[in-house]
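The values are calculated or read from the model by the stated rules, or taken from the named source; none is laboratory data. Every value quoted in this text rests on a predicted model; they were computed, and no experiment measured them. Neighbour counts are summed over all protein chains in view; Cβ atoms, including those assigned to glycine, are modelled from backbone coordinates with ideal geometry.
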Amino acid sequence: MKRTRLIAALDTQTLDQARDWAETLDGTVDAIKLGMEFTYAQGLSAVRDLARNRTLFLDLKLHDIPNTVAKGLASLAPIGASLLTIHAAGGSAMIRAARQAIDATYPPLHRPVLLAVTVLTSLDAPSLNDIGVPSSPREQVLRLGRLAMTAGADGLVCSAEEIAPLRDALGESPTLVVPGIRPEGAAADDQKRIMTPRQAALAGADWIVVGRPITQAADPKVAAEAIQAELASA
Ligand code: C5P
């Protein structure tokens, strides 16, 4: 069976904190995730510094007209991210433009995995309704997941409970990246539908994203090692 890999979400605005976590976790986690919070606070040169000799998931969730997303992704090429995110709700043309921009601007051996975010987990059925989407979150995830893969995405960001329906609908080819993971006994924080690392691995996640259970642990390295052990036992 494939190995499910571990991404540590380094959610901070502070360079010293992010560097400290990254160095502590070197050799234990498979990748680090930086998002809007760190990138907007510290800028892309700080992101690039942290990405050096590491595998980076740069989670900026691009969503704009096709030309702007394509140019934005092209501008990100020097950062050397291994995984990047766009919003599937931007539509087929935007996703195709993203695919083309990556294929045209990134060296073939260093092409990042292009991930589409389907429905934010903060949106429930009433809030989807508010923005004119009559489907349930589950139906909308499947619709946008199918659309994104057809338009050229390599994979999807999804919650743990969406792994099985997405695998049923789309098979093994999408790379599935799954946040909302909590080791047995860890605090749920603000995450609502959580799975353990082992459950997510068994369900078929390619990567799991874990933030606070690692970064807020008394010993982040030990916490990450325990998660890796759990993944290895799945
Ligand atoms: O601290 P925690 O493990 O909850 O962090 C999870 C990470 O995954 C955070 O960076 C969060 O923004 C991100 N994420 C999420 N749920 C989603 C998408 C992204 O928790 N649906």
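Restricting to segment 162-190, what's the tally of residues that are within 15 Å of the ligand (Cβ to nearest atom) and assigned to a loop (DSSP other than H, G, I, E, B)?
Total meeting the criteria: 11.
In segment 1-74, which helices (runs of 4 or more DSSP H) lie fully inside it and hold 2 or more residues that are within 18 Å of residue 212 (Cα to Cα)?
15-25, 36-42
Could you list all residues from segment 191-218 that are surrounded by fewer than 18 Cβ atoms within 10 Å (Cβ to Cβ), in a loop (DSSP other than H, G, I, E, B) and among the aliphatic types (A, V, I, L, M)?
Residues satisfying the conditions are 217, 218.
Go through 222, 157, 133 for me and flag whichever is of a type outside the set (Phe, Trp, Tyr), on the phi < 0 side of the Ramachandran plot and within 12 Å of the ligand (Cβ to nearest atom).
Matching residue, one of 222, 157, 133: 157.
Hey, can you tell me all the residues within segment 116-138 that are touching an Asp or Glu at 6+ places or on another chain (Cβ under 7 Å) and farther than 15 Å from residue 89 by Cα?
none
Among the residues of segment 148-190, count how many are acidic (Asp, Glu) and surrounded by 21 or more Cβ atoms within 10 Å (Cβ to Cβ).
Matching residues across segment 148-190 total 1.
Could you say whether any residue in segment 61-80 is under 24 Å from residue 195 (Cα atoms) and surrounded by fewer than 22 Cβ atoms within 10 Å (Cβ to Cβ)?
yes
Please determine, by comparing only the residues of segment 1-25 that are polar (S, T, N, Q) and surrounded by 17 or more Cβ atoms within 10 Å (Cβ to Cβ), which one is nearest to residue 202 (Cα to Cα).
Taking the candidates together, the pick is 4.
With (1) over 20 Å from residue 95 (Cβ atoms); (2) surrounded by 17 or more Cβ atoms within 10 Å (Cβ to Cβ) as the list, and residue 53 as the residue in question, which single condition is left unmet?
Just one mismatch for residue 53, condition (2).
Residue pairs, Cβ under 8 Å, 6 or more apart or interchain, first in segment 1-17 and modelled with pLDDT of 95 or more and basic (Lys, Arg), second surrounded by 13 or more Cβ atoms within 10 Å (Cβ to Cβ) and assigned to a strand (DSSP E or B). List them.
Cβ pairs passing all conditions: 5/31; 5/207; 5/208.
Tell me, please, whether a residue that is at pLDDT 95 or above, away from the ligand (no atom under 15 Å from the Cβ) and of a type in the set (Val, Ile, Thr) can be found in segment 191-200.
no
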